1. Considering only the range A:97-142, how many residues are under 17 Å from A:Thr172 (Cα atoms), more than 10 Å from every other protein chain (Cβ to nearest Cβ) and among the aliphatic types (A, V, I, L, M)?
2. Is it the case, given these coordinates, that B:Leu307 is within 14 Å of B:Gly67 (Cβ to Cβ), at pLDDT 95 or above, within 14 Å of another protein chain (Cβ to nearest Cβ) and more than 16 Å from the ligand (Cβ to nearest atom)?
3. Scan the range A:174-200 residue by residue and report those that are touching a residue at least 60 places away in the same chain (Cβ under 8 Å), part of a helix (DSSP H, G or I), open to solvent by 10 Å² or more (accessible area, probe 1.4 Å) and within 13 Å of A:Thr30 (Cα to Cα).
4. Evaluate the following for B:Arg254: is it within 14 Å of chain A (Cβ to nearest Cβ), surrounded by 15 or more Cβ atoms within 10 Å (Cβ to Cβ) and either within 12 Å of the ligand (Cβ to nearest atom) or on the phi > 0 side of the Ramachandran plot (or both)?
5. Of the numbered conditions (1) under 24 Å from the mean Cα position of the chain (by Cα); (2) within 16 Å of the ligand (Cβ to nearest atom), B:Val320 satisfies every one except a single condition; which is it?
6. Which of the residues belonging to the range A:156-182 are β-branched (Val, Ile, Thr), away from chain B (no Cβ under 12 Å) and touching a Gly at 6+ places or on another chain (Cβ under 9 Å)?
7. Hey, can you tell me all the residues within the range B:240-278 that are of a type outside the set (Gly, Ala, Ser) and in a helix (DSSP H, G or I)?
8. Please specify each residue of the range B:191-220 satisfying the condition of being open to solvent by 20 Å² or more (accessible area, probe 1.4 Å) and out of contact with any His (no Cβ under 9 Å at 6 or more places or on another chain).
Amino acid sequence: MLSATDLVVGYRRGRPVLDGVDIELHPGATVGLAGPSGCGKSTLAAVLALLLEPWSGSVTLDGRPVRRFRHRVSAAERTSIGVVFQQPRLAVDPRWTLDAVVRAPLVASKRRDDGIVAELTEAVGLTRELLGRRPHEVSDGQLQRACLARALVLRPRYLICDEMTSMVDASTTALLVHLVRSVAAAGTGVLAVSHDDALLDAWADDVVRWR
Amino acid sequence: MTDTRVTTTSAEDAATSAGTRQPASALTVDRLSVRFLLGRKGKAGVVHAATDVSLRLRRGRVLALVGESGCGKSVLTSALLGLLPANAQTRGRALLHGPGDDLDLCTAPERSMSRQVRGRRIGLVPQSAASHLTPVRTARAQLAETVRQLRGTTLRGTTLRGAASRGDVDGLAERAGLSPAALDAYPHELSGGMAQRVGFALALAGEPDVLLADEPTTGLDRVLVDHVTDGLAAAAAEGTAVLLITHDLAAARRVADDAAVMYAGRIVEAGPAGEVFADPWHPYTRGLLGALPDGGFEPIPGHPPELTDVPGGCAFCARVPDPPGPPCNGDPEPVAVGGRLIAGHVPC
Ligand SMILES: [Zn+2]
């Protein structure tokens with residue numbers, strides 16, 4: 001389980017964005033988190049992705065408390081959690097081919113490709129030809145497909161999707177969400193953050209709504 | 001039902017011939033094609049960004065042009081604003097109807113486009129309004145400046161030379177759904193939704209006859225999407241002709257009077273929005289609607305073709321062969337049927 005208890009966190013002293021929030025992600029289950037822009041849902045996603053250190057409260061990953069955040073996170077913790085953000089263009093190196101983008105976590109953690117790259121790129125509908133292109137040669141939707149494949153390439157036990165589909169069209173949304181649902185069915189715990197209630201109703205097992 | 005081949009392929013012509021009276025046209029796009037030549041003289045390839053596109057924008061109505069990313073719809077914004085790059089070639093016409101004469105936006109000199117068209121007769125609501133704002137000046141200062149520039153040099157401009165009154169600017173803000181108090185903020189202090197509304201106010205500043213909104217809802221939450229679409233509807237209610245270019249079918253369904261569906265650079269289906277969305281004829285339109293969470297949530301297999309390599313005949317059937325429904329006749333050219341337009345997949 002990936003959980004956070006009594007979180008207090010913000011960006012400016014004395015102005016917490018989250019104040020006393022609890023959440024639990026269980027293996028194989030998808031929690032949807034809905035709410036308008038600015039309600040703090042992306043802040044919670046960043047804490048669960050271990051990218052933002054809470055002011056107080058605790059984050060626990062599979063029974064162990066997480067003590068370090070951001071670049072100080074241990075390799076084992078980092079590879080347990082995959083993340084997909086809203087804007088794929090801000091999340092990739094523009095000089096890399098999509099194939100290099102998808103493989104990057106394998107390279108960084110010195111793991112071998114046991115066929116997972118082919119499996120995932122097929123699941124997200126990226127052909128060999130598209131994988132040879134660079135970000136400026138593909139659409140936002142095609143780039144986001146690569147970002148989801150990258151987030152799943154280490155077979156993370158948890159996946160954080162922060163507005164993963166808000167820049168892409170409905171058909172690409174359906175494809176990406178189907179894949180995330182299938183990895184959840186195989187045991188991954190998923191946090192799905194979105195402002196789109198109708199989408200979360202179709203995607204998540206439970207939906208938490210913030211105002 | 002009649003099945004007539006038409007030369008100016010627009011649903012309105014079909015509707016007119018069926019005896020329906022239509023509001024006045026503000027802009028007629030007539031078999032517009034846009035290509036980009038890559039490399040020297042196109043030796044590295046030709047991008048067929050738009051092919052034989054015909055659309056009619058009418059005063060008081062919102063036309064939604066929908067399709068996936070990469071289907072070619074956004075090139076129309078550049079073409080209609082005279083902002084195509086130097087390697088672009090156009091064919092066909094885009095007539096902006098004026099009180100006296102028509103201006104062909106494809107051939108008009110840059111001087112006319114910059115002095116009479118952009119920001120004046122045609123307003124643009126861009127995708128990310130925030131990036132169009134100057135960071136060091138308040139929203140009010142930027143709006144006032146735009147109003148002053150636009151009204152200072154138009155022929156219709158009256159006595160506003162020099163300054164835009166506070167009331168003018170506040171009025172524009174209110175039409176765009178902003179409280180005048182929010183205008184005193186700097187761009188970094190505005191949320192995405194507020195910045196979008198400032199962008200909307202800027203687009204309205206020249207009192208345009210035509211409003212182009214190019215993916216104005218991307219990345220906004222549903223409440224803000226509704227604000228944007230309500231703003232477009234309000235502009236239409238005041239008599240503006242609105243073109244909403246979007247991949248957001250939920251937004252299009254909410255606001256459109258007319259709909260056109262684009263695939264691989266061509267219009268594959270068009271007609272009254274209520275009919276097209278409730279009873280889509282083209283398998284691509286059905287695919288787009290079927291991908292929505294409340295429409296079945298099934299992706300369309302494959303990808304739109306590269307616009308450098310568009311298949312001949314029906315491009316959609318090259319992606320998804322033998323879709324359900326009446327058989328495809330393979331003709332990429334839309335035909336008028338019962339007040340609507342449909343390419344290839346004519347209902348029996
Ligand atoms: Zn067909």
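The values are calculated or read from the model by the stated rules, or taken from the named source; none is laboratory data. Bear in mind the structure is a predicted one, so any value in this text is a computation, not a measurement. We place every Cβ from the backbone using ideal geometry, glycine too, and count neighbours over all the protein chains shown. To get the accessible areas, we keep the full protein, side chains included, count just its heavy atoms, and leave off ligands, DNA and RNA. Shrake-Rupley method; radii C 1.70, N 1.55, O 1.52, S 1.80 Å.
1. Within the range A:97-142, residues that are under 17 Å from A:Thr172 (Cα atoms), more than 10 Å from every other protein chain (Cβ to nearest Cβ) and among the aliphatic types (A, V, I, L, M) number 5.
2. Considered against the rule, which asks whether it is within 14 Å of B:Gly67 (Cβ to Cβ), at pLDDT 95 or above, within 14 Å of another protein chain (Cβ to nearest Cβ) and more than 16 Å from the ligand (Cβ to nearest atom), B:Leu307 comes out as no.
3. Once the filter is applied, which keeps residues that are touching a residue at least 60 places away in the same chain (Cβ under 8 Å), part of a helix (DSSP H, G or I), open to solvent by 10 Å² or more (accessible area, probe 1.4 Å) and within 13 Å of A:Thr30 (Cα to Cα), the range A:174-200 yields A:Arg181, A:Ala185.
4. no
5. Of (1) under 24 Å from the mean Cα position of the chain (by Cα); (2) within 16 Å of the ligand (Cβ to nearest atom), only one is false for B:Val320: (1).
6. First, the residues of the range A:156-182 that are β-branched (Val, Ile, Thr): A:160, A:165, A:168, A:172-173, A:177, A:180.
Next, only the ones that are away from chain B (no Cβ under 12 Å) stay: A:160, A:180.
A:Ile160 - this is the single residue of the range A:156-182 that is β-branched (Val, Ile, Thr), away from chain B (no Cβ under 12 Å) and touching a Gly at 6+ places or on another chain (Cβ under 9 Å).
7. Filtering the range B:240-278 for residues of a type outside the set (Gly, Ala, Ser) gives B:240, B:242-249, B:253-255, B:257-258, B:261-263, B:266-269, B:272, B:275-277.
Of everything in the range B:240-278, those that are of a type outside the set (Gly, Ala, Ser) and in a helix (DSSP H, G or I) turn out to be B:Leu249, B:Arg253, B:Arg254, B:Val255, B:Glu275, B:Val276, B:Phe277.
8. Matches in the range B:191-220: B:Ser191, B:Gly192, B:Met194, B:Glu207, B:Asp214, B:Gly219.
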